[in-house]
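Participant: I'd like to ask some things about the structure below.
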Amino acid sequence: MQRKGLVLAGAFSLLLFSGCSQGSGGVGLLDEPATADQTLPADLYGGDVEPDSARWVAKHEGISYFLAKPAEPGLAHGVCLVAMEAESIACGGPSSNATQLVSLDTAGTEARVVRDGTDTTELTDEGWTQIHENLLVR
């Protein structure tokens, strides 16, 4: 009986840790291999984001949005949002708030990054427009 308890405790721990250790703050796109059309130009934001981690997600009202992994060790498992033409970036560490991993206000537009699979109904009811699975703007 004691052995079953250890097995169950081990299985529970595995589920707990695998759920909390989503590699890139709950944004699976950042764990996928980059393609040539998804990458951020290397000379932009080099010190703020991990090299080669940026992925293009959408273009909205003339601004190209990228998601990337933060270079700052204290923000491990966080996410950065880059608005390329607006020359703006915002990074955030791990968050338990699925509906706002990081936000960025630029050029009269507010952008918000959400986790994969987040129900954004409440946000869209508040006037947000979902332009990618992980990105909403208003």
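Participant: Tell me, which residue of the range 49-79 that is modelled with pLDDT of 90 or more and of a type in the set (D, E, K, R) is nearest to the chain's Cα centre (by Cα)?
Facilitator: Here the residue is 69.
Participant: I'm trying to understand the selection: among the residues of the range 120-138, which are of a type in the set (D, E, K, R) and in contact with a strand residue (DSSP E or B) (Cβ under 6 Å, 6 or more places away or on another chain)?
Facilitator: Across the range 120-138, the qualifying residue is only 138.
Participant: Further question: Mind counting the residues in the range 74-102 that are in a loop (DSSP other than H, G, I, E, B) and closer than 26 Å to residue 122 by Cβ?
Facilitator: Within the range 74-102, residues that are in a loop (DSSP other than H, G, I, E, B) and closer than 26 Å to residue 122 by Cβ number 11.
Participant: Residues to consider are 46, 23, 19; find the one that is small (Gly, Ala, Ser), within 11 Å of the chain's Cα centre (by Cα) and either in a loop (DSSP other than H, G, I, E, B) or at pLDDT below 75 (or both).
Facilitator: 23
Participant: Taking residue 38 and the conditions (1) part of a loop (DSSP other than H, G, I, E, B); (2) free of Cβ contacts under 8 Å to residues at least 40 places away in the same chain; (3) under 16 Å from the mean Cα position of the chain (by Cα); (4) crowded, with 18+ Cβ neighbours inside 10 Å, which numbered condition does it fall short on, given that it satisfies the others?
Facilitator: If we test residue 38 against (1) part of a loop (DSSP other than H, G, I, E, B); (2) free of Cβ contacts under 8 Å to residues at least 40 places away in the same chain; (3) under 16 Å from the mean Cα position of the chain (by Cα); (4) crowded, with 18+ Cβ neighbours inside 10 Å, just (4) comes out false.
Participant: Checking the conditions here, which among 82, 7 is at pLDDT below 95 and either of a type in the set (Gly, Ala, Ser) or within 19 Å of residue 133 (Cβ to Cβ) (or both)? Show your work before the answer.
Facilitator: Details: 7 fails: either of a type in the set (Gly, Ala, Ser) or within 19 Å of residue 133 (Cβ to Cβ) (or both).
After ruling out the rest, the residue left standing is 82.
The values are calculated or read from the model by the stated rules, or taken from the named source; none is laboratory data. Being a predicted model, the structure only gives us computed values, none of them experimental. All Cβ positions, even for glycine, are placed from backbone atoms using ideal geometry, and neighbour counts span all protein chains on display.
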